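Here the structure is laid out as structure tokens; the discussion comes afterwards.
The values are calculated or read from the model by the stated rules, or taken from the named source; none is laboratory data. As the structure is a prediction and not an experimental result, all values here were calculated from the model. Counting neighbours? That spans all protein chains shown, and the Cβs are built from the backbone with ideal geometry, glycine included. Just so you know, the surface numbers come from the protein's heavy atoms only, side chains and all, with ligands and any DNA or RNA stripped out. Shrake-Rupley method; radii C 1.70, N 1.55, O 1.52, S 1.80 Å.
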Amino acid sequence: MANDAEIELIEEMARFTHDSRGFARFSYSWGEAELDQEDGPREWQDEVLCAIDEHLQNTETRFMPLLLAVASGHGIGKSALISIIVNWGLSTCEDCKVVITANTETQLRTKTWPELTTWTRRSITSHWFKTTATAVHSIEPGHEKTWRTDQVTWSDNNTEAFAGLHNKKKRIIVVFDEASAISDKVWNVTEGALTDEDTEIIWIAFGNPTRNTGRFKDCFGRLRHRWKTWQIDSRTVKGTNKAQIQKWIEDYGEDSDFVKVRVRGLFPNMSMKQFIATEDADRALSLKLDQKQFDFAPKIITVDPAWEGDDEFVIGMRQGLSFKILRTIPKNDNDLQMASLIASIEDEEKADAVIVDAGYGTGIVSAGKTMRRNWHLIWFSGAPNDEGCLNKRAEMWKLTRDWLKEGGSINGDTQLHMELTGPETVPRMDGKLQLESKKDMKARGLPSPNRADALALSFAVPITGKAKAKEHEEYSNYGSGSWMG
């Protein structure tokens, strides 16, 4: 039977059910022993805890998932706040279920988990729980499997733990630590699992913003309306190493990607392996051009057939510095039907050339020949003209990157923007440019870049305008390396 002190503690924890900030101040010995330099949660930590409390104390929002994302520089106390939230969740809600993962198993095992167990030990409720190498669970008989925190490693082929996140009419907390490098597939599975009604659901994604593509970046971009977000500059936080930070700024510059990621909590202009810079894609997305100024340039129709059932069959057109998608169609294996559609678009646009990806386009080009169409068939794996590129695909994407830098426009196409910034480079001993495969992109949770490949195809071969070449002979020497043709 619980003694009076224990009964009083249980009553206190009940009082903090929807008061994580109050729990944090009550449950740790601030100003003493290991926390002798701290008088309570840091200012930014307080803000996050207040957001949790406001959400739960409002009966209209309590049972809607609360999504919290924090991008920051180093040393601000992310792991400490994660641990406080987890301890609060377990201590104030019977049978609370918590799942924690990180970018790598090493990060989870050697950094995230030791911090969690340290704060669990510091908590006034530490004796309520047993800590193991992979879990923290209640010692209450019969609740060991239902009242617990588990660390879960992930892979693209192992998302079952995130698909089973159900705890109806109770509380679920999901923690993504160093979230930038967690696969989009894991994000998608987690999002689809958080559907229990009358359940308190909190999803936390923290980390350094090391990659400027993917779902963590989306929390601060296209999905910002769904997430409560903070971007924390390490210089503004008590307890960070200001001298070291200043050295980084002096060495790399305040606007460098190094300082943006490690100090300012901002996403880099370009991830280390990212091939096309987000800055270039952003400019192309917002750039509005008058199509008439490119009337002298050849019209190039491009076709990127769908590879799998969820891919788009894309037909695009580039003329000079302007590119737009003309049609997107679900995967269609009727080559004759697709060839007829392409031929009609070619005639309608009075196009100077049609270029087709050979991967699934050989039948389409064959059907086109029966219609007396002389279309170009391009193998992405074929030999490039540029010896610095591994294959034709790398060469075409390199020319696409150059075109974007020269002022290319993608007509406000946000899907194309995302696809252009998705592929990463593959390091090679011979130094040749190689892009990751579509298969590897999908393994990272990214869609097949069909629209971007359609743009890249327009640089596969030199094209001269049929009717316009004589009027603009000064441009006739441009080859496939120019935006002209």
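Numbers for the structure displayed
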{"quantity": "In the stretch 213-262, the residues that are acidic (Asp, Glu), open to solvent by 60 Å² or more (accessible area, probe 1.4 Å) and at pLDDT 90 or above", "calculated": "GLU250, ASP251, GLU254"}
{"quantity": "Selected residue (criterion: surrounded by the most Cβ atoms within 10 Å (Cβ to Cβ)) from residues of the stretch 188-204 that are assigned to a helix (DSSP H, G or I) and out of contact with any Asp or Glu (no Cβ under 9 Å at 6 or more places or on another chain)", "calculated": "THR190"}
{"quantity": "Selection from the stretch 353-402 of residues that are out of contact with any helix residue (DSSP H, G or I) (no Cβ under 8 Å at 6 or more places or on another chain) and among the aromatic types (Phe, Trp, Tyr)", "calculated": "TYR360"}
{"quantity": "Number of positions in the stretch 274-292 that are within 30 Å of THR236 (Cβ to Cβ) and assigned to a loop (DSSP other than H, G, I, E, B)", "calculated": "1"}
{"quantity": "Candidate set from the stretch 1-25 (those that are in a loop (DSSP other than H, G, I, E, B) and either open to solvent by 80 Å² or more (accessible area, probe 1.4 Å) or acidic (Asp, Glu) (or both)); member that is nearest to ASP95 (Cα to Cα)", "calculated": "ASP19"}
{"quantity": "Residue list for the stretch 26-37, restricted to those being open to solvent by 40 Å² or more (accessible area, probe 1.4 Å) and touching a residue at least 40 places away in the same chain (Cβ under 8 Å)", "calculated": "PHE26, SER29, GLU34, GLN37"}
{"quantity": "Count of the stretch 297-324 residues which are open to solvent by 40 Å² or more (accessible area, probe 1.4 Å) and either in contact (Cβ under 8 Å) with a residue 24 or more places away in the chain or within 20 Å of HIS417 (Cβ to Cβ) (or both)", "calculated": "6"}
{"quantity": "Qualifying residue in the stretch 76-92 (condition: closer than 29 Å to TRP154 by Cα and surrounded by fewer than 17 Cβ atoms within 10 Å (Cβ to Cβ))", "calculated": "no"}
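Table: residues versus (1) within 20 Å of ARG224 (Cα to Cα); (2) within 26 Å of the chain's Cα centre (by Cα).
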| position | (1), (2) |
| --- | --- |
| THR59 | no, no |
| LEU66 | yes, yes |
| SER72 | yes, yes |
| LEU81 | no, yes |
| ASN87 | no, no |
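Yes or no, residue by residue, for (1) part of a helix (DSSP H, G or I); (2) of a type in the set (Gly, Ala, Ser); (3) touching a residue at least 12 places away in the same chain (Cβ under 8 Å):
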position	(1), (2), (3)
GLY142	no, yes, no
LEU165	no, no, yes
VAL186	yes, no, yes
PHE206	no, no, yes
ARG211	no, no, yes
ASP218	yes, no, no
THR240	no, no, yes
